[in-house]
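Structure first, then comments.
The values are calculated or read from the model by the stated rules, or taken from the named source; none is laboratory data. What you see is a predicted model, and the numbers here were worked out from it, not measured in a lab. Counting neighbours? That spans all protein chains shown, and the Cβs are built from the backbone with ideal geometry, glycine included. Protein only, heavy atoms only, side chains kept; ligands, DNA and RNA dropped before computing areas. Shrake-Rupley method; radii C 1.70, N 1.55, O 1.52, S 1.80 Å.
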Amino acid sequence: MNVEKKETSAAVGHSLKGKVCLVTGSTSGIGLGIARALAAGGANIVLNGFGKPEDIEAVQADIVSEFGVSVVYSGADMSDPDAISDMFDLVLDRFGAVDVLVNNAGIQHVAPVAEFPVAKWDAILAINLSSAFHTARLALPGMIEKGWGRIINVASAHGLVGSAFKSAYVAAKHGMVGLTKVIALEVAEKGITCNAICPGYVYTPLVEAQIEDQAKAHNIPREEVIRNVMLARQPNKRFATTDELGGIAVFLASDAAASITGTTIAADGGWTAT
Ligand code: NAD
């Protein structure tokens, strides 16, 4: 009886304090939301991604001052395996380990298959899928040694269903869901979990720009763009927020999620239930 009580409180009262969380593509959007949520839980953060140096410095300084954690930045290009390797050298030198790896960096391009630019296909597969293989292969030895680790892959509703004109993105995101299952199986007995979050549309600066562009292009009000164009397939008719995605990542990193592995959590307002 006592033992059960102790286990229950340990699972609920988890803390990320002192853990090292590497979030790829975290200079904006979902990755930044996840990095901030993990920092709010007490984790030290490795930021990665592109942007103006002064903007990245401001993001870094905000996290340090708001949450009192350490933050390191790497500008490694996720399409370049050597740069990913150098990023790990930097992180291991500074923090000694990566406890929580969030594979989030991603790009999109929309075109019919017959017209899809070959360079775009290669870039999307490299950034949205292969980078997760490279980061995982470099993070896993340390996690195995510690007997604890979390790999969280930011896939997409497009990791579960297709859409016309998004061949590379849908292929990469389905691939990421497959990779998630394989990693989970390989390390199932090592205290390490690997899961994928599959968001539908999430409200980010990029999405905001798309709303404005579509409203101008079709000459329709932004409410109509949101409801009938962008969220046409999202039954709850609202964007998920980067804070919500951060909350899911914190949950997956917690002890309460220790038995959740090799699966997907759809945050898509019901899209993939249809
Ligand atoms: P975003 O464009 O706001 O952020 C992407 C991040 O990745 C940025 O920090 C950018 O600098 C970084 N990045 C891009 N190319 C990179 C590279 N080669 N190397 C390193 N970093 C790179 O996008 P977002 O909407 O926040 O998307 C983040 C992830 O979530 C992506 O994998 C995306 O596919 C996925 N996603 C987004 C939505 C959505 O509606 N926004 C929905 C489902 C899935």
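Of note:
- Among the residues making up the range 100-121, those that are more than 9 Å from the ligand (Cβ to nearest atom), at pLDDT 95 or above and in contact with a helix residue (DSSP H, G or I) (Cβ under 7 Å, 6 or more places away or on another chain) are Val100, Leu101, Val102, Val113, Phe116, Lys120, Trp121.
- Candidates Ile124, Ile34 - the one that is touching a residue at least 12 places away in the same chain (Cβ under 8 Å), open to solvent by less than 20 Å² (accessible area, probe 1.4 Å), more than 8 Å from the ligand (Cβ to nearest atom) and over 28 Å from Glu145 (Cβ atoms): Ile124
- The number of residues in the range 220-246 that are within 12 Å of the ligand (Cβ to nearest atom), part of a helix (DSSP H, G or I) and open to solvent by 40 Å² or more (accessible area, probe 1.4 Å) comes to 1.
- Candidate set: the range 170-219, residues that are more than 12 Å from the ligand (Cβ to nearest atom), more than 26 Å from Phe133 (Cα to Cα) and among the hydrophobic types (A, V, I, L, M, F, W, C); chosen: the one modelled with the highest pLDDT: Ala215
- Candidate set from the range 103-121 (those that are touching a Ser or Thr at 6+ places or on another chain (Cβ under 7 Å) and open to solvent by less than 50 Å² (accessible area, probe 1.4 Å)); member that is farthest from Ile30 (Cα to Cα): Phe116
- Across the range 1-31, the number of residues qualifying as in a loop (DSSP other than H, G, I, E, B), away from the ligand (no atom under 16 Å from the Cβ) and at pLDDT 50 or above comes to 6.
- Of all the residues in the range 183-201, those that are under 18 Å from the mean Cα position of the chain (by Cα) and open to solvent by 10 Å² or more (accessible area, probe 1.4 Å) number 3.
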